[in-house]
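Just below is one structure, and these are the notes that go with it.
Please treat every number below as a calculation from the coordinates, not as lab data. This one's a predicted model, so the numbers in the text were calculated from it and none came from an experiment. Cβ atoms come from the backbone with ideal geometry, glycine included; neighbour counts cover every protein chain shown.
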Amino acid sequence: MKEYNVAVVGATGEVGKTMREILEERDFPVKNIKLLASERSAGTEVEFKGEKVIVEKLDKNSFKGVDIALFSAGGAVSKEFAPIAADSGCVVIDNSSAFRMEDDIPLVVPEVNPHRVADYKNRYIISNPNCSTIQMVVPLKPIHDKAKIKRIVVSTYQAVSGSGYKAIKELADQCIAIFNQKEIVKKVYPHQIAFNCLPHIDVFLENGYTKEEMKMVNETKKIMEDDSIQVTATTVRVPVFYGHSESVNIETEKKLTAEEVKDLMSTAEGVVLVDKPEDNIYPLAIDAAGKDPVYVGRIREDFSIPNGINMWIVADNVRKGAALNAVQIAEVLIKEYL
Ligand code: L14
């Protein structure tokens, strides 16, 4: 079997660390792994497949001989270094929002639009979508194929791990401070996140929405390859460590009963149906954490409109929302094209 030289950019971050683990778990055919990070983390020793690897400082010569580079070091690093990596013939799978909406850059969720990986040839960059969008489109795609989704109304309940390790620590530290009747410290979020909900993820835009909300609107249309789907979103940060939850309301052209949607979900790729409310069984962030599937439950008809469905969608934001989806894209790439 062919093996590939793989680089992970942002290798010591929450997503980068998970990318390393998922490459190991899925036995991705890695010939040589190169772990890249900022000066601050360079020199750190980590284990990969039982061997010690030293994290190197990212620079413009880092990509010589690399076949695939998984980037997760933020938009600024991607903007600067993804084109450099691509120029040296390496295919970049970029987890940032830097290139997602560019027309000639594919935006891929392997369960939904794997054929788009072919467009890596345009610029040697493939974008990994936003975490909240990925977990929403995986279960919605089979519904769209069957009944055509006209409109989506989504509210998210997003874990702090989306903002990285410093936010995980901020939530933990605030909880400890509160239990000890001490002052809380706020650095990552503008307000207390412990025991609170913040209707604010990423920056506010002119139209009153946040950038995270508009990512859900625009990326959904691009991944589903249908600009006619109307999407509106409210994205909320909640005091959860791992796992985003979403309340999703859809309106379809053709009528689907709740039973029909449950049937679709029970065979949908990458989806696990968890829906026995009579036994208090429904998807939970704490159960999704550390797991690969997108969990769906609370499926019921929206009686306020003729063709409406409500559902609750939960997935590990760092895995399916980021690292796992990126590695799955790499798997399609090597299977079909490299
Ligand atoms: O990938 O939760 O566009 O703060 C940026 C915001 C990922 C989540 C992206 C967060 C997101 C992140």
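Points worth noting:
- The chain: angle of helix 324-336 to the longest principal axis, Cα-based, in degrees nearest 10: 70
- Between the amide H of residue 56 and those of 35, 36, 37, 43, distances stay under 5 Å, these residues lying 5 or more places away or on another chain, with hydrogens modeled in the peptide plane.
- DSSP-defined antiparallel bridges as percent of all bridges, the chain, nearest 5: 45
- Computed over the chain, relative contact order equals 18 percent, with contacts defined as Cα pairs under 8 Å that lie 6+ residues apart.
- Dipole magnitude of the range 273-338 about its Cα centre (Cβ charges: Lys, Arg +1; Asp, Glu -1), debye to nearest 20: 160
- Neighbourhood charge, 11 Å Cβ-Cβ cut-off, centred on residue 62 and excluding it, Lys, Arg +1 and Asp, Glu -1: +2
- Charges were assigned to the Cβ only: +1 to each Lys and Arg, -1 to each Asp and Glu. The resulting dipole of the range 226-338 about its Cα centre is roughly 360 debye.
- Helix 14-25 axis versus longest C-alpha principal axis of the chain: approximately 80°, rounded to the nearest ten.
- Principal-axis tilt of helix 211-224 within the chain, Cα atoms, nearest 10 degrees: 90
- Residue pairs, from the table 17/291; 34/60; 186/211; 146/335; 150/255; 31/79, whose Cα atoms sit over 18 Å apart: 186/211; 146/335; 31/79
- Across the range 4-120, Cα pairs under 8 Å and at least six residues apart give a relative contact order of 23 percent.
- The overall shape of the chain is oblate: from the C-alpha gyration tensor, with semi-axes ordered a ≥ b ≥ c, the ratio a/c is 1.5 or greater and a/b is no larger than b/c.
- When each of the peptides 60-71, 248-259 is scored by how many other beta carbons lie within 10 Å of its residues on average, the order from highest to lowest is 60-71, 248-259.
- Three-way shape call for the range 199-338 based on the alpha-carbon gyration tensor, with the a/c threshold at 1.5: rounded
- In terms of its C-alpha gyration tensor, the range 59-169 comes out oblate, because a/c is 1.5 or above while a/b does not outweigh b/c.
- Computed over the range 36-103, relative contact order equals 27 percent, with contacts defined as Cα pairs under 8 Å that lie 6+ residues apart.
- For the chain, the dipole from Cβ point charges (+1 on Lys and Arg, -1 on Asp and Glu) about the Cα centre works out to 500 debye, to the nearest 20.
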